[in-house]
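Reviewing the structure listed below.
The values are calculated or read from the model by the stated rules, or taken from the named source; none is laboratory data. Bear in mind the structure is a predicted one, so any value in this text is a computation, not a measurement. Here the Cβ is made from the backbone with ideal geometry for all residues, glycine too, and neighbour counts use every protein chain on show. Ligands, DNA and RNA are stripped out before the accessible areas are found, and what is left, the full protein with its side chains, is counted by its heavy atoms. Shrake-Rupley method; radii C 1.70, N 1.55, O 1.52, S 1.80 Å.
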Amino acid sequence: MSGCPSHVLFEHASGYALFTVKEFEEIASLTAEVTRALSDVSAFNGILNLVAFYPFKSAAEALANINAISEGMASEELKIFLQANLPKKLKKVLLGMQEPKLGAFLAEELDGLKVTHVGGSAEILRGVRFHFAKLVKGLTNEASSKAQLGLGHSYSRAKVKFNVHKSDNMIIQAIALLDQLDKDVNTFAMRIREWYSYHFPELIKIVPENLLFARCVKVIKNRKELPDNILQALEEIVMDSAKAKAIVDASKSSMGMDISPIDLLNIDLFANRVIGLADYRAELTHYLRSKMGSVAPNLATLIGDTVAARLISHAGSLTNLAKYPASTVQILGAEKALFRALKTRGNTPKYGLIFHSSFIGKAGTKNKGRISRYLANKCSIASRIDCFSENSTTIFGEKLKTQVEDRLNFYETGDLPKKNLEVMQEAMAAVAQEVSEFTVVTKKKKKKKRKAEEAGEAEAEADVEQAPPSKKKKKEEPAEAVAPETPKSEKKKKKKAKEQEAEPEPEPEAVTQTTASEKKKKKKKKNQVE
């Protein structure tokens with residue numbers, strides 16, 4: 001009986017609707033009849049009665065209300081709506097709702113209100129959702145669907161645009177493309193090496209690097225028709241005069257076969273593609289570095305841009321990575337090895353994607369597991385700072401990096417590192433100083449802008465005053481100029497006369513003071529004589 005509500009609140013894209021449930025005690029016991037009545041509007045109208053409907057005035061108000069509901073909070077409009085339309089004795093009311101978090105919030109805000117989201121309220125709300133356009137007067141199915149579609153688009157758009165600067169989705173796509181480019185460049189470079197080696201096989205041993213090999217192929221082309229400036233061009237590419245001379249000497253005595261101009265043209269075009277992909281990869285790494293500096297600066301300074309980006313990509317987002325414990329961050333990327341070890345009861349992996357960090361490479365074989373555990377701990381701290389801090393700074397990342405380096409030194413030499421509390425206090429002090437300096441600089445800039453604006457206004461006023469008057473005004477100037485000069489001179493003379501009269505005024509005060517003192521002395525002498 002207690003599961004069926006007396007009132008039902010329904011949140012729609014067009015507004016809030018409050019219904020009263022008729023004969024709710026019988027409905028609670030007969031849930032099957034409620035489910036049968038859902039298909040028929042007339043039968044469902046016998047169960048519910050619309051008390052009030054609050055329509056949203058604009059799309060912005062609807063978005064604000066749905067954001068509040070998603071966070072489990074009630075807007076001021078909803079509170080006022082319920083206080084105005086619910087009975088005054090809230091202890092007798094059992095309000096049925098769909099969102100349990102919102103119900104708990106309303107139960108705290110409105111004293112005495114009881115809220116439920118189970119029992120018969122779920123079935124009743126399902127029927128309200130199905131027949132809502134027919135239960136509210138003036139609302140059609142088309143208008144209801146348009147309101148739902150518009151609010152859904154605006155809500156999803158607001159969630160996507162929550163923070164444009166911290167868009168970790170761009171990092172996920174960039175690191176995935178970077179890994180794909182690495183594979184493609186290596187494959188294409190091997191292909192061009194095999195292809196050009198039919199003509200000049202000795203070049204592979206002299207220039208083993210893939211990108212340099214492609215650039216050398218583009219410059220050499222046909223080894224039997226070398227241009228005169230080939231040595232200088234090869235020196236610019238290889239950055240070694242001896243190696244460039246060795247290439248020229250090897251081309252003269254090569255064992256390779258002759259090549260046709262069409263084949264050489266295709267090899268040249270393919271070399272251009274390889275060089276273009278390599279250049280694009282360099283631009284992509286620069287873009288990834290700048291993006292990591294804005295999204296996760298502390299994690300990037302601690303463990304490097306590419307490793308940090310791979311961690312974010314593997315976790316799905318920076319928020320997911322921040323929620324992971326340090327033990328999960330340590331083996332992130334080694335899930336197959338972990339499950340295989342658990343199945344076979346073998347040794348679990350010590351590191352996953354963190355293995356590509358330079359810290360684990362520096363550590364000895366005995367200390368690799370320990371340093372990976374310590375590094376995962378610092379990575380989880382850095383990711384949480386980056387995810388939940390408002391000001392982006394690299395101070396925490398630098399301090400955490402020094403901590404890892406000190407820990408490596410401790411494993412080798414035994415020197416005790418600083419405690420985590422001391423390091424974090426130093427970092428907080430440095431951040432506070434940086435923020436204060438930033439505010440001072442911004443204030444100075446604002447003052448300079450204000451002074452410049454005031455100076456510009458003064459110059460504009462001076463230009464207006466110095467502007468040449470018209471011909472008509474020039475004729476009237478002498479008469480106007482003579483007239484105001486006489487009263488000004490008279491006023492100045494009067495002021496000077498007043499000042500001269502005011503200056504000798506303190507003299508009589510001095511005289512009166514002396515006379516009073518003399519009278520006192522005479523009285524004293526008379527008294528002594530008597």
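Residues checked against (1) charged (D, E, K, R); (2) under 51 Å from the mean Cα position of the chain (by Cα):
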position: LEU231; (1), (2): no, no
position: GLU235; (1), (2): yes, yes
position: ASP240; (1), (2): yes, yes
position: ASP249; (1), (2): yes, no
position: PRO261; (1), (2): no, no
position: LEU265; (1), (2): no, yes
position: GLY276; (1), (2): no, yes
position: TYR280; (1), (2): no, yes
Legend entry - Every residue from segment 378-410 that is surrounded by fewer than 18 Cβ atoms within 10 Å (Cβ to Cβ) and part of a helix (DSSP H, G or I): PHE388, GLU398, THR402, GLU405, ASP406, ASN409, PHE410
Inset, instruction - Could you check segment 215-334 for helices (runs of 4 or more DSSP H) lying wholly inside it with 1 or more residues that are in contact (Cβ under 8 Å) with a residue 40 or more places away in the chain? - result: 241-252, 261-295, 297-303, 305-315, 318-323, 326-330
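Is one or more of the residues making up segment 217-225 open to solvent by 50 Å² or more (accessible area, probe 1.4 Å) and farther than 28 Å from ASP184 by Cβ?
Start the filter on segment 217-225 by keeping residues that are open to solvent by 50 Å² or more (accessible area, probe 1.4 Å), which leaves 218, 221, 224-225.
Within this subset, residues satisfying the condition of being farther than 28 Å from ASP184 by Cβ are 224-225.
Within segment 217-225, one or more residues are open to solvent by 50 Å² or more (accessible area, probe 1.4 Å) and farther than 28 Å from ASP184 by Cβ.
Identify all residues within segment 411-438 that are open to solvent by less than 80 Å² (accessible area, probe 1.4 Å) and either charged (D, E, K, R) or in a helix (DSSP H, G or I) (or both); write none if there are none. Spell out how you get there, then give the answer.
Here is the first cut: in segment 411-438, the residues open to solvent by less than 80 Å² (accessible area, probe 1.4 Å) are 411, 414, 417, 420, 423-424, 426-427, 429-432, 435-436.
Result: TYR411, ASN420, VAL423, MET424, GLU426, ALA427, ALA429, ALA430, VAL431, ALA432, VAL435, SER436.
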Inset, instruction - Tell me, yes or no, whether segment 101-124 has at least one residue that is free of Cβ contacts under 8 Å to residues at least 60 places away in the same chain, open to solvent by 10 Å² or more (accessible area, probe 1.4 Å) and closer than 30 Å to PRO297 by Cα. - result: no
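More than 20 Å from MET292 (Cα to Cα) and either under 29 Å from the mean Cα position of the chain (by Cα) or modelled with pLDDT under 90 (or both): which single residue out of GLY364, GLY369 fits that description?
Details: GLY369 fails: either under 29 Å from the mean Cα position of the chain (by Cα) or modelled with pLDDT under 90 (or both).
Only one candidate qualifies: GLY364.
For every residue, the table says whether it meets (1) over 30 Å from ASN320 (Cβ atoms); (2) surrounded by fewer than 11 Cβ atoms within 10 Å (Cβ to Cβ); (3) among the acidic types (Asp, Glu).
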site	(1), (2), (3)
GLU202	yes, no, yes
GLU209	yes, no, yes
VAL238	yes, no, no
SER253	yes, yes, no
GLY256	yes, no, no
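Within the group GLU77, GLU33, which residue is in a helix (DSSP H, G or I), open to solvent by 40 Å² or more (accessible area, probe 1.4 Å) and modelled with pLDDT under 85? Give the derivation first.
Working: GLU77 fails: modelled with pLDDT under 85.
Result: GLU33 is the single residue among GLU77, GLU33 that is in a helix (DSSP H, G or I), open to solvent by 40 Å² or more (accessible area, probe 1.4 Å) and modelled with pLDDT under 85.
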Inset, instruction - Within segment 147-157, identify whether any single residue is more than 37 Å from the chain's Cα centre (by Cα) and open to solvent by 30 Å² or more (accessible area, probe 1.4 Å), and answer yes or no. - result: no
Inset, instruction - Would you mind stating whether ALA296 is touching a Ser or Thr at 6+ places or on another chain (Cβ under 9 Å), more than 23 Å from GLN180 (Cβ to Cβ) and open to solvent by less than 40 Å² (accessible area, probe 1.4 Å)? - result: no
Inset, instruction - Within segment 72-100, work out how many residues are touching a residue at least 12 places away in the same chain (Cβ under 8 Å) and of a type in the set (Asp, Glu). - result: 2
Inset, instruction - Could you tell me whether any residue of segment 174-185 is open to solvent by less than 40 Å² (accessible area, probe 1.4 Å) and over 30 Å from ALA296 (Cα atoms)? - result: no
Inset, instruction - Considering only residues that are over 24 Å from the mean Cα position of the chain (by Cα) and of a type in the set (Lys, Arg), look in segment 374-425 and name the one that is nearest to GLY361 (Cα to Cα). - result: ARG407
Inset, instruction - Those residues that are part of a loop (DSSP other than H, G, I, E, B) and open to solvent by 10 Å² or more (accessible area, probe 1.4 Å), I need them from segment 80-100; list them, please. - result: LEU86, PRO87, LYS88, LYS89, GLN98, GLU99
Legend entry - Any chance PHE188 is part of a helix (DSSP H, G or I) and either modelled with pLDDT under 90 or under 30 Å from HIS314 (Cβ atoms) (or both): yes
